[in-house]
Amino acid sequence: MKKSILKISAIVLLSMQTISCKYLEADEYLHEVNNLNDIWTQRIDIRKAWAACYGHIPNYTDMVNTWPFNTNYDEGHAGRDNYRNLTFAQGKFNADDVLYNFWSHYYRAVRTCNLFLENYKKANDKLLVPGEVEGYAADARFLRAYYYSQMLQLYGPFPIVDKTIDYSNTAALPTNRNTEEECVNFIISELDKCIATLPENEHILAAEAGRPSKEAAMALKATVLLWDASPLVNGNSDYNGFKDSKGRNYFSTTADPDKWRKAAEAAKAVIDLGKFELYTVPANSGYVTVPLGNFPGNDVAWPNGPAGIDPYRSFKGLFSGGKSYWNKEAIWMVNLGNQRANLSVLGFPRNYNNGEGAIMTAMVSGTQKLADAFFMNNGRTIDEEDRALYNDIGISDNGDAFYISGNGKEVHTPIITGFKLSNVNAKVPNRVLNREARFYATMGFIGRGYLQNNGTLYYADYKANALDGFLQSDRPSTRSGYPIVKWVAEDDVSAYGSSDKPYHVLRLAEIYLAYAEALNEFDPANADVLKYLNLVRFRAGLPGYAAASKEITRDRIKQERHVEFAFEGKRYFDSRRWKDAGKSARDNRGNSLGMGGLVYGCNYLATDGSFYDRAVIDGYIFRPKNYFLPIPFQEVANHWGTMTQNPGW
């Protein structure tokens with residue numbers, strides 16, 4: 001079962017509340033001691049303690065109440081005004097009301113892992129096979145490093161707690177934050193231990209899917225080093241005055257270009273394993289592949305070009321589940337509570353299957369800024385093709401020669417549209433014509449058709465007061481006009497999905513782009529920069545880039561990451577580490593270049609053709625202090641050491 005270990009861990013965590021506590025709370029610790037001594041003698045209890053280490057992985061697929069970073073700011077918009085992720089994006093939080101308390105959550109996670117690492121050697125059940133409990137300990141060490149890596153990127157430097165707390169020694173209580181360098185060095189040293197002890201990917205049993213591998217530890221190491229090399233934390237003069245009680249700077253005051261080299265080498269080490277490859281399926285193999293766009297090189301065969309593969313099905317197959325659930329691009333995937341439903345309902349209109357998922361569909365949708373970021377099918381941007389291949393205004397009457405035809409379900413395209421049929425009212429906007437394959441695999445739109453469980457087709461209509469549109473009620477609505485269809489399969493006939501949906505924490509495309517980014521910063525003339533950037537583009541059915549300046553290539557990599565990893569939880573962290581999040585300027589279509597400012601979508605309040613107009617649907621706030629989250633006030637004020645709050649909070 002591909003979901004056993006992580007599904008079990010959620011149940012176990014609830015049954016083992018006595019081994020988790022608030023950050024440094026002594027009373028709960030004293031209560032724990034009475035319950036811990038007996039769990040190391042039986043294999044079943046040891047496995048429960050091991051599974052509890054997994055139980056703190058946030059449910060990334062709950063993009064409203066648990067993990068807001070997948071869909072906030074310049075990526076997504078919430079379906080109701082009272083959703084917490086929307087409140088977060090609007091900047092309505094502070095140290096007294098943090099909305100999402102990951103600080104305490106991750107320290108509970110760290111404590112659970114510490115308890116296991118300190119006690120696993122007590123295990124003496126004869127049912128344990130040699131090396132079994134040591135394998136569980138390697139998992140716990142990886143998870144602790146992973147939790148700390150998330151803290152590093154959300155809060156910056158943190159107090160390193162690598163053992164359970166001895167409350168009798170108040171002088172040793174770890175309430176002083178370590179520096180960024182110390183935190184990174186600790187995480188990397190732990191991951192190096194994991195690389196030496198974790199099993200290789202192919203040796204993890206299917207029944208324990210979700211366990212980390214040696215390769216996952218290597219990939220996580222590469223992403224941590226990429227963060228550490230990035231402008232936000234590598235010589236950022238904005239933090240020159242951010243010091244601890246001893247006067248030490250939390251961040252380096254001068255940029256170290258060698259950090260890019262370390263990040264590149266770590267990413268290349270994963271690539272050089274030769275165990276992973278971008279997921280692709282051949283063109284016209286029992287189905288009709290949509291033709292590639294018109295550009296030089298569209299006849300060059302994969303992997304030297306985009307020809308010979310189906311770019312839509314190659315990308316869609318990574319997320320839609322079914323036969324492609326397991327593939328060689330995945331490095332570390334998780335399957336969390338209600339994951340299939342959480343991911344599937346993002347893509348379906350509210351009245352699909354007579355309102356099957358009514359209160360869950362449209363909880364989050366994509367912004368116009370994200371829609372604008374996808375390329376045209378010739379590899380150029382919408383600005384480069386403005387008033388040519390791209391038309392920002394109006395409704396389509398004729399479709400295009402690629403994915404949009406308008407005659408219902410057709411053999412030559414996987415995208416269903418029916419605007420040429422007399423019984424279909426919902427038309428499609430011109431701005432969705434002639435787009436790249438990843439656009440159609442990721443973004444839905446008004447007029448897109450879905451196969452229902454009774455065999456009929458349903459066409460989405462997001463205009464106000466329509467069955468799928470905005471209503472003055474408690475029903476969420478797709479206010480931007482772009483539902484998230486990334487996890488919707490062609491054969492899904494339920495709003496909750498017809499097959500399990502994977503969620504990638506780490507996949508090869510991220511390592512390719514991380515390598516290209518890091519290499520571009522310290523060795524921009526290296527041919528590998530374009531090689532690995534272009535492999536991602538070729539898989540998407542696009543032309544490769546030619547050599548350009550470091551600055552131009554940097555921007556190209558940023559845009560590629562924006563669209564390739566949409567809703568995979570990368571953008572919030574990328575935009576901050578690049579120091580782009582605080583930009584206030586706008587592009588020529590009104591989109592903020594940062595993560596604050598006006599948010600655009602379709603005119604969701606309109607009941608007529610003006611729905612298709614580009615309109616302001618909200619406003620997000622991102623101030624300089626938002627580069628890091630506030631540490632909850634009680635953690636700063638109520639403990640024994642000197643806990644420094646993040647700047648601005």
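The values are calculated or read from the model by the stated rules, or taken from the named source; none is laboratory data. Not measured: the values here are computed from a predicted model. Quick reminder, even Gly has a Cβ in these numbers, built from the backbone with ideal geometry, and neighbours come from all protein chains shown. Remember, those area values only see protein heavy atoms, side chains included, never the ligands or the DNA or RNA. Shrake-Rupley method; radii C 1.70, N 1.55, O 1.52, S 1.80 Å.
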What single numbered condition from (1) part of a loop (DSSP other than H, G, I, E, B); (2) out of contact with any Gly (no Cβ under 8 Å at 6 or more places or on another chain) fails to hold for G293?
(2)
Quickly run through segment 53-92 and pick out the residues that are farther than 23 Å from V110 by Cβ and either open to solvent by 10 Å² or more (accessible area, probe 1.4 Å) or acidic (D, E) (or both).
D74, E75, R80, D81, N82, Y83, R84, T87, Q90, G91, K92
By residue number, the members of segment 590-610 that are closer than 28 Å to E510 by Cβ and in a loop (DSSP other than H, G, I, E, B) are N591, L593, G594, M595, G596
Inspect all residues belonging to segment 556-578 and state whether any of them is among the hydrophobic types (A, V, I, L, M, F, W, C), within 19 Å of F439 (Cβ to Cβ), open to solvent by 20 Å² or more (accessible area, probe 1.4 Å) and part of a helix (DSSP H, G or I).
no
For segment 342-370, enumerate the residues that are closer than 12 Å to V488 by Cβ and either crowded, with 24+ Cβ neighbours inside 10 Å or in contact with a Gly (Cβ under 6 Å, 6 or more places away or on another chain) (or both).
L343, S344, V345, L346, G347, F348, P349, Y352, T361
I'm trying to understand the selection: among the residues of segment 36-52, which are open to solvent by 10 Å² or more (accessible area, probe 1.4 Å) and in contact with a Leu (Cβ under 6 Å, 6 or more places away or on another chain)?
R43
Quick check, is G247 at pLDDT below 95, surrounded by fewer than 15 Cβ atoms within 10 Å (Cβ to Cβ) and assigned to a loop (DSSP other than H, G, I, E, B)?
yes
In this structure, does A137 turn out to be modelled with pLDDT of 95 or more, open to solvent by less than 10 Å² (accessible area, probe 1.4 Å), within 19 Å of F69 (Cβ to Cβ) and small (G, A, S)?
no
Determine if segment 460-477 includes at least one residue that is open to solvent by less than 40 Å² (accessible area, probe 1.4 Å) and closer than 28 Å to T280 by Cβ.
no
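Every residue, every condition in (1) under 23 Å from L343 (Cα atoms); (2) aliphatic (A, V, I, L, M), yes or no:
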site	(1), (2)
S396	no, no
V424	no, yes
Y458	yes, no
G481	yes, no
Taking only pairs six or more apart or across chains, which ones have beta-carbon atoms under 6 Å, a first residue in segment 479-490 that is closer than 8 Å to L346 by Cβ and part of a loop (DSSP other than H, G, I, E, B), and a second residue that is among the basic types (K, R) and at pLDDT 95 or above?
W487/K501
What number of residues within segment 201-222 satisfy the criterion of being outside any helix (DSSP H, G or I) and open to solvent by 60 Å² or more (accessible area, probe 1.4 Å)?
1
Residue that is β-branched (V, I, T), open to solvent by 30 Å² or more (accessible area, probe 1.4 Å) and out of contact with any helix residue (DSSP H, G or I) (no Cβ under 7 Å at 6 or more places or on another chain), where the choices are V428, V432, V411, V424
V411
Selection over segment 86-126 where residues are more than 30 Å from D45 (Cβ to Cβ) and of a type in the set (A, V, I, L, M) yields a count of 5
Quick one: how many residues across segment 250-285 are outside any loop (DSSP other than H, G, I, E, B) and among the charged types (D, E, K, R)?
6
Starting from segment 181-202, keep only residues that are over 14 Å from R144 (Cα atoms), then list their pairs with residues that are in a loop (DSSP other than H, G, I, E, B) and open to solvent by 30 Å² or more (accessible area, probe 1.4 Å) whose Cβ atoms are within a distance under 7 Å, requiring at least 6 positions of separation or different chains.
E182/I160; N201/K275
Being in a loop (DSSP other than H, G, I, E, B) and either of a type outside the set (A, V, I, L, M) or in contact with a helix residue (DSSP H, G or I) (Cβ under 8 Å, 6 or more places away or on another chain) (or both), is that true of even one residue in segment 504-515?
no
How many of the residues in segment 187-200 are open to solvent by 30 Å² or more (accessible area, probe 1.4 Å) and of a type outside the set (D, E)?
6
